[in-house]
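Below: the structure, in C-alpha cells.
The values are calculated or read from the model by the stated rules, or taken from the named source; none is laboratory data. These figures come from a predicted structure and were not determined experimentally. Note that each Cβ is placed from the backbone with ideal geometry, even for glycine, and that neighbours are counted across all protein chains shown. In case anyone asks, the SASA skips ligands and DNA or RNA and just uses the protein heavy atoms, side chains included. Shrake-Rupley method; radii C 1.70, N 1.55, O 1.52, S 1.80 Å.
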Amino acid sequence: MSRILLIGPPGAGKGTQAKTISRELGIPHISTGDIFRRMYSKRHPLGVEAREKYWGPEAGGKLVPDDITIPLVKERLSYEDCKKGFILDGFPRTVQQAISLEKFASLDKVIYLTISDEKTIQRIIIRKQCNKCENIYGSYNFPKDNKCCGKELYRRDDDDPETIGGRLKEYGDKTELLIKYYLDLGKLRTIEGDDYPERVFENIFKLISLPDHYAL
Ligand code: AMP
C-alpha cells in the first residue's frame, strides 16, 4: 500500500513529482490546490468563495479554512481509486489538518521536498500549467510553442509575485510545524528538491520502494 504525502514549499516540485509517482504507481494524485482551481473553473460556489477570500490574487494566498478543505479531502479519499493508495499534495498543510486526516486515513510515507526560498520564487515566477491535463512546465521542460494538449499554457493567478510572499509566509508559519510533527512521529523522509525532476523522482522512487524501517 502506498499512501504518500508530499510536503514542501510552493515551487518545490510537489505537483510535478506527484504526477510522476501517480503514473508510475497507478495511484491517484490528490492535490487540494488543483481541487480548488478546478472548482473555481467550473464556477462551483465553494470554489468561487475560496478563490475570492483565500487563494486568489486579491486574497494574497491565504489558507482556505478547514471546514471547507477537510470535507473535500475526506470525500475524495473515500473514492474507490484510493483503495490501493494515493499521493497527497498540498494536504495536510497544518498540524490541525494532519490530526484530522488521521481520523479517516493513515499515511505510509511523508516525503519532504526541500528547496531554498530563492529557488522557490524563481520557479514560481516562470512556471505555467496546462489547463487540460494539468501538466506543469518550468525552465527544464518549457514547450517552445507555449502549448500543451493543443492549448496555450496558462499561469496560475496565485503564482504572481504579490501572492507568492503571502503563500511563503503561510508556509513558514504553518506548514513548517507540520514537518516537525511528522519528524517526531518518525514518518518524515527528506529529499533535495533542487535538482532535475528525473533525478528527484529516482530518489523518491528508491525511498518509496524501501520498507519503512529502512527508509530513514
Ligand atoms: P497549491 O496548489 O497547493 O499551492 O494550493 C493553492 C492554494 O489553495 C493555496 O495557496 C491555498 O489557498 C489553497 N489550499 C491548497 N491546499 C490547502 C490546504 N490543505 N488547506 C488550506 N488551503 C489550501
Practice problem: Could you rank the peptides 92-101, 5-14 by their average count of other C-beta atoms within 10 Å per residue, with the highest value first? | Solution: 5-14, 92-101
Quiz item: When the Cα centres of the stretch 1-68 and the stretch 146-216 are compared, how far apart do they sit, in Å?
Solution: 12 Å
Practice problem: Would you mind checking Lys109/Lys147; Lys103/Lys132; Lys103/Lys174; Lys19/Lys83 for any pair whose Cα atoms are more than 25 angstrom apart? | Solution: Lys109/Lys147; Lys103/Lys132
Quiz item: If you keep only loop residues by DSSP, which trypsin sites (Lys or Arg not before Pro) in the stretch 27-83 have at most 12 other Cβ atoms within 10 Å of their Cβ?
Solution: Lys42, Arg43, Lys83
Quiz item: Rolling a 1.4 angstrom probe over the protein heavy atoms, how many square angstrom per residue are accessible across the stretch 79-210?
Solution: 54 Å²
Quiz item: Antiparallel as a % of all DSSP beta bridges within the chain, to the nearest 5?
Solution: 25 percent
Quiz item: Roughly what would the spin-label model give for His44 and Glu152, points 7 Å off Cα along C-beta, in nm?
Solution: 2.7 nm
Self-check item: Distance-filtered residues of the stretch 13-32 - backbone nitrogen under 14 Å, label point 7 angstrom along Leu185 Cα→Cβ
Solution: none
Practice problem: Quick one: among Asp34, Asp157, Asp184, which has the greatest mean-square fluctuation in a GNM of the chain with alpha-carbon springs under 10 angstrom? | Solution: Asp184
Quiz item: Assuming R0 = 41 Å, what is the FRET efficiency of Ser78 and Asp194, from their Cβ-Cβ distance, to the nearest 0.05?
Solution: 0.70
Quiz item: Relative to the present Cα-Cα distance, how much length would full extension add between Ser2 and Gln122 at 0.36 nm per residue of separation?
Solution: 40.0 nm
Practice problem: Could you check how much of the accessible area of the stretch 1-148 is carbon and sulfur, as a whole percent, using a 1.4 Å probe? | Solution: 51 percent
Quiz item: Looking at the square roots a ≥ b ≥ c of the eigenvalues of the Cα gyration tensor of the chain, which shape do they give, rounded for a/c under 1.5, prolate if a/b is larger than b/c, or oblate?
Solution: rounded
